[in-house]
Amino acid sequence: MLRPTGWWLAVKPIDLRCGMDRLLVLVQTQFGRDGFDGAAYAFRNRSGTRLKVLCADAQGVWLCTRRLHRGQFVWPRAGAELFTVSTEQFEWLIAGVDWQRLSARIEDVPRLV
């Protein structure tokens, strides 16, 4: 069963033709993280309709893909190369829901007076 220690989103889109070995090298060289730390790393294509999730630990490597038939995955526009999300936020993301709006603090939501 896939139970990562954390969820990381690669902010910049990549060519999803690459496999698990190339993605592991990307995690280690470009992001400076240990690819075998048990965390899951999600990568998306330029159009935002497909993603790959990579999770590696001492036992092996998971590589999962997901494609939306309609719409796009809501992706962060942060300045950093990696963006961390909670498990709940990731579940909303892969369902195609705007997880950033759902996880906003209630105090930040404008109220009508």
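Some notes on this structure:
- Checking each residue in the stretch 79-93 for being in contact with a Leu (Cβ under 9 Å, 6 or more places away or on another chain) and of a type in the set (A, V, I, L, M, F, W, C) picks out L82, F83, V85, F90, W92, L93.
- Where a residue in the stretch 88-113 is within 18 Å of W8 (Cα to Cα) and its partner, wherever it lies, is part of a loop (DSSP other than H, G, I, E, B) and modelled with pLDDT under 80, with Cβ under 6 Å and at least six apart: Q89/S103
- Top-ranked residue of the stretch 38-58 - restricted to ones that are over 18 Å from W92 (Cβ atoms) and of a type in the set (G, A, S), ranked as surrounded by the fewest Cβ atoms within 10 Å (Cβ to Cβ): A58
- Of all the residues in the stretch 16-53, those that are of a type in the set (S, T, Y) and part of a strand (DSSP E or B) number 1.
- Residues being part of a strand (DSSP E or B) and either loosely packed, with under 11 Cβ neighbours inside 10 Å or of a type in the set (S, T, N, Q) (or both) - total across the stretch 59-90: 3
- Residue count for the stretch 5-41, restricted to those that are in contact with a Pro (Cβ under 7 Å, 6 or more places away or on another chain) and either over 13 Å from L82 (Cβ atoms) or modelled with pLDDT under 90 (or both): 1
- Residues within the stretch 13-37 that are surrounded by fewer than 16 Cβ atoms within 10 Å (Cβ to Cβ) and either within 14 Å of the chain's Cα centre (by Cα) or in contact (Cβ under 8 Å) with a residue 60 or more places away in the chain (or both), tallied: 2
The values are calculated or read from the model by the stated rules, or taken from the named source; none is laboratory data. Source: prediction; values computed, not measured. Virtual Cβ from ideal backbone geometry, glycine too; neighbours counted across all protein chains shown.
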